[in-house]
Amino acid sequence: MTTHSSGRIGRYALWFSPVVIAAGGFFAAIPWLKQQDDAFVLALTAAVSLFVMGYSLFISHRLQQQLDEVEIASAGFATSRGWVWGAMATVALLLLPPVTNWLIDMTNLLSTGTPDAADRGAVHLALFFGVILVVLMQLASVILASAIWQRRMGGGGEP
């Protein structure tokens, strides 16, 4: 019996669609959020962040239920190594002036303050961009560690 890859891809797309919708909706609402009270914006940001993190944990536990022992060991290796490598890579990136200048310019672009003195929202936005950078670097490191595990263990397993 063969599995249809389009069905599997469609199922994964359906599972990840709430995260994409929440993040896309949040970014689309940035012009509207600039006009709102800071307390409301922080509360909405916290709610969206908690939803995305909670739903991501739900999906990761759901997907791990169908793994065998070797795949569980691979995931454990990748996550235990990837988080540390990603954090170190982020620190190394933030030491580079072009990356730091890019983050500052992107924050000033969305800021309402002057380039010399950013407003409170710009500081929150800069911290948000920093956290996104950490998560993306950790994701890349987990993928790299998983590839290293697969290469050490001798390939993709049984067909």
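Rounded to 0.05, the FRET efficiency of the A147 and W32 pair, given R0 = 41 Å and the Cβ-Cβ distance, is 0.50.
Volume per residue of the convex hull around the Cα atoms, evaluated for the stretch 5-154, comes out as 141 Å³. Building the convex hull from the alpha-carbon atoms of the stretch 49-97 and averaging its projection over directions returns 4.5 nm².
In this label model, L67 and Y55 are separated by 2.2 nm, measuring between points 7 Å along each Cα→Cβ vector. Around the Cα centre of the stretch 5-154, unit charges on the Cβ atoms of Lys, Arg, Asp and Glu (plus for the first two, minus for the last two) sum to a dipole of about 480 debye.
Given a 1.4 angstrom probe, what's the average accessible area per residue across the stretch 15-96, in square angstrom?
Here the residues of the stretch 15-96 average 67 Å² of exposed surface.
By accessible area, using a 1.4 Å probe on protein heavy atoms only, the stretch 39-115 has 74% of its surface on carbon and sulfur.
Note on surface exposure: Y12, Y55 rank Y12, Y55 by accessible area, highest first, 1.4 Å probe.
The values are calculated or read from the model by the stated rules, or taken from the named source; none is laboratory data. Only a predicted model underlies this, so the values are computations on that prediction, with no experimental measurement involved. FYI the Cβ positions are ideal-geometry reconstructions off the backbone, even for glycines, and counts take in every protein chain you see. Remember, those area values only see protein heavy atoms, side chains included, never the ligands or the DNA or RNA. Shrake-Rupley method; radii C 1.70, N 1.55, O 1.52, S 1.80 Å.
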